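Take a look at the structure set out below.
None of the figures in this text is laboratory data; all of them are computed from the coordinates on show. Fair warning: this is a prediction, and the values are worked out from it, not measured in the lab. Virtual Cβ from ideal backbone geometry, glycine too; neighbours counted across all protein chains shown.
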Amino acid sequence: MRSLGSKVLAMILLAVALLPGNGRSQVEANPRASAARRPNFVIVFTDDQGYGDLSCFGHPTIHTPHLDALAAGGMKLTQFYVASPVCSPSRAALLTGCYPKRVGMHRHVVFPQDDHGLHPDETTIAEVLRAGGYATAAFGKWHLGHRQGLLPTDQGFDEWFGVPYSNDMAQIHRKPGNKYRFRLPLMRGTTAEGCEVVEWEPDQRLLTRRYTEAAIDFIDRHHAEPFFVYLPHSMPHIPIYASAEFEGTSPRGLYGDVIEEIDWSVGQLVARLKEHGVFEDTVFLFTSDNGPWLPFKQNGGSAGPLRDGKGTNWEGGQRVPAIVSWPGRIPAGGVVREVVTTMDVLPTFAAIARTGWEPERGIDGHDVRALFRGRAGQKSPTDTFLYYQAKGPLAAIRKGDLKLWLESGEVYDLAVDVSEQWDLSKREDLAETIAAMREAALALDAAITAHARPEAHVAELVFDPAR
Ligand SMILES: [Ca+2]
């Protein structure tokens with residue numbers, strides 16, 4: 001898979017690592033050296049991008065050639081779900097493989113004044129891969145707590161460059177007669193030295209570009225060993241910004257400019273992986289943390305044929321565009337129409353990386369390698385999916401193709417009706433099925449609640465957001 005040049009380089013590095021007296025003990029040197037043939041992982045996680053906001057997912061005027069190429073060489077997932085329609089819970093689910101409620105992060109997003117975050121005892125993808133010998137880094141928006149012990153470098157990432165919370169938790173709200181207290185810091189840190197603020201209120205037009213450059217710098221430094229790059233863009237969460245090169249270029253307006261700059265970013269990453277001869281050894285996942293923020297009209301995105309968007313449990317809030325690429329392993333041009341969720345990413349990546357990791361405490365995701373292989377007729381291991389509201393209460397259940405809204409009792413067949421227009425709740429032949437779905441929803445939620453673990457609360461600040 002790996003090109004001959006980098007294979008030789010890997011062998012030389014292995015030999016150097018095993019030489020006595022090279023300054024590192026063999027115990028330290030061995031894990032990464034022996035892991036040299038395992039694939040890298042890149043996750044690009046956009047913020048509030050809708051299901052319909054890519055040309056390969058049907059957008060008529062946003063042009064995303066690099067993402068389209070990634071999909072053509074890999075696979076599109078058309079029933080890919082996030083576990084919450086808002087930022088922080090969704091990110092907690094991606095990184096831990098758990099419903100947000102299981103890890104205590106289901107009660108809406110983390111605000112600058114909040115003292116809580118993802119508990120350090122939780123196991124993240126970064127921790128699993130790092131224990132397996134991977135170099136790990138995050139570049140972009142965190143949003144899982146920003147007090148002492150809660151930042152990315154406390155949760156398995158060797159390094160981080162980015163913002164601790166959303167880009168609207170910033171001085172853009174400060175206007176005459178409105179003294180918004182909180183400021184947005186740009187931070188940098190390493191496991192060894194901790195994180196610090198490097199700028200306050202950074203120029204948001206440059207965020208997409210700066211995260212991309214930092215990720216490329218990390219790839220340049222670590223391409224000879226297995227690595228994991230997590231790139232959670234701040235965009236296209238409002239307020240949206242594009243750099244001068246992209247602003248005013250898309251017929252879709254500024255929102256289109258922003259998406260096209262993200263597409264450029266993916267193209268840059270792919271090009272650099274190819275330059276280092278490691279693209280074919282890289283599992284590359286592109287997706288979004290929740291659906292489009294529709295009240296912002298032209299500054300929000302589109303969920304395509306799906307109903308509604310961010311903050312809701314309609315499909316547009318939680319079903320997001322997703323592309324996964326791993327040349328030679330994931331068949332080119334494939335489409336997975338089975339249910340896959342962000343909670344599946346941790347167990348799947350841990351298995352691909354052959355980490356031998358077994359969760360000590362329960363998780364909700366499944367290993368979906370069989371779906372990634374693209375065999376016809378392969379079924380999703382997710383038989384039941386629960387939809388939780390942005391602030392935590394249970395809203396709906398999907399079982400097979402049917403979705404039952406618990407409060408209203410509405411039922412939709414998502415195989416036929418992705419727009420959730422034709423309520424089937426009065427159909428007598430479904431009465432038993434519907435009753436069983438309600439029971440299953442309550443039982444699974446009760447099981448998650450019974451084993452739920454707490455979020456962390458921390459008094460000590462790393463920075464004063466209201467300074
Ligand atoms: Ca979001």
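Summary table below
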{"read-out": "For residue 396, distant residues with modelled amide H under 5 Å away", "value": "387, 406"}
{"read-out": "Whether the range 327-421 is rounded, prolate or oblate, judged on the alpha carbon gyration tensor where a/c under 1.5 counts as rounded", "value": "oblate"}
{"read-out": "Tensor-based shape of the chain (alpha-carbon gyration tensor, a/c under 1.5 rounded, otherwise prolate or oblate)", "value": "rounded"}
{"read-out": "The range 153-275 shape via C-alpha gyration tensor axes, a/c threshold 1.5", "value": "oblate"}
{"read-out": "Relative contact order %, the chain, counting alpha carbon pairs below 8 Å whose residues are six or more apart", "value": "25"}
{"read-out": "Residue 439 paired with residue 203, simple spin-label distance in nm, labels 7 Å along Cα-to-beta-carbon", "value": "6.3"}
{"read-out": "Total formal charge among the other residues, if their Cβ is under 14 angstrom from that of residue 75, Lys/Arg +1 and Asp/Glu -1", "value": "+3"}
{"read-out": "Pairwise centroid distance, computed over Cα atoms, of the range 108-128 with the range 205-245, Å", "value": "21"}
{"read-out": "Residues of type lysines that residue 274 reaches as a straight line, Cα spacing below 20 Å, ignoring anything fewer than 8 places off in the same chain", "value": "7"}
{"read-out": "Computed magnitude of the charge dipole of the range 332-385 (debye, nearest 20; Cβ of K, R +1, Cβ of D, E -1)", "value": "300"}
{"read-out": "Convex hull of Cα atoms in the range 347-399, direction-averaged projection (nm²)", "value": "5.2"}
{"read-out": "Beta bridges per DSSP with both ends in the chain, % antiparallel, nearest 5", "value": "60"}
{"read-out": "For residue 336, residues with placed amide H under 5 Å, excluding near neighbours", "value": "76, 77, 78"}
{"read-out": "Dipole of the range 38-383, positive direction: furthest Cα of 128, 113, 89, with charges on the beta-carbon", "value": "89"}
{"read-out": "In range of the label at residue 61: residues from the range 218-253 whose backbone nitrogen is under 14 Å from the point 7 Å along Cα→Cβ", "value": "248-253"}
{"read-out": "Protection proxy ranking, peptides 359-367, 459-467, 127-135, 182-190, average beta carbon neighbours within 10 Å, highest first", "value": "127-135, 182-190, 359-367, 459-467"}
{"read-out": "Efficiency of FRET between residue 172 and residue 338 - r from beta-carbon atoms, R0 56 angstrom, step 0.05", "value": "0.85"}
{"read-out": "Radius 15 Å from Cβ of residue 97, net charge of other residues (Lys, Arg +1; Asp, Glu -1)", "value": "-2"}
{"read-out": "Only Lys, Arg (+1) and Asp, Glu (-1) charged, at Cβ; the range 38-383 dipole about Cα centre in debye", "value": "720"}
